[in-house]
Amino acid sequence: MVKVLLLESNPLFRQALVAFLKTNFSSIWLEVVTTGKEAMATVGTFLPDLILLNLKLSDGTGLDLTRWLKIHHPAAKVVLLSSNGSSEYRQAAYTSGADYLLVKESPPEDYLGLLEWILAGLDGTTTSGLVPSEGIDAKIQ
């Protein structure tokens, strides 16, 4: 079972994303936190395979937390969630160590495509033929 940690401070977006994840990925183990501090406390015991992380946090930035995560839990894949998909944001995400950047306003198919692709690789399933849709960065490089 793939462990997913979701850090989202916006209650409406968090609720929608949790519902989406539970509906489309019934085999994941989902843990939800709302602050960077909670994420830092949870990651050591939960040991997530995938971290979905808001770029803007109430107690810091997703970029700083990504840097911390890549030092303390480097095996986890990090998907930064942002309302802004500009090249500057994508470069900042890449520089911080994030594996992917997903624009929050992306259609559900983009979320589904990226997460299926990542999860297939994490659980050892072949990813041949599966590629994220064009609306997202398959890899920030």
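At-a-glance table
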| read-out | value |
| --- | --- |
| Within a Gaussian network of the chain (alpha carbon springs, distance under 10 Å), most fluctuating of L112, L101, L65 | L112 |
| Gaussian network model of the chain, Cα within-10 Å springs - most flexible of L47, L63, L12 | L12 |
| Choice from K22, K77, K104 with maximal GNM fluctuation in the chain (Cα, 10 Å cutoff) | K22 |
| Proxy reagent accessibility, fewest Cβ within 10 Å first, across S83, S96 | S83, S96 |
| Check: the chain dipole with +1 on Lys, Arg Cβ and -1 on Asp, Glu Cβ, in debye | 280 debye |
| Selection from V78, A39, P108, by position along the positive dipole direction of segment 3-122 (Cβ) | A39 |
| Inter-label distance for L47 and K22, nm, one decimal - labels placed 7 Å from Cα along Cα-to-Cβ | 2.6 nm |
| Reported label for calculated Cα extents along the principal axes in Å given [x] 43, 32, 29; [y] 38, 33, 30; [z] 48, 40, 29 | [y] |
| Of A92, I28, G60, farthest towards positive along the dipole that unit charges on Lys, Arg, Asp, Glu beta carbons give the chain | G60 |
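Only the coordinates and a few stated rules stand behind these numbers; no lab work does. For clarity, every value in this text was computed on a predicted model and none was experimentally measured. With ideal geometry, Cβ positions are generated from the backbone for all residues, glycine too; neighbour counts draw on all protein chains shown.
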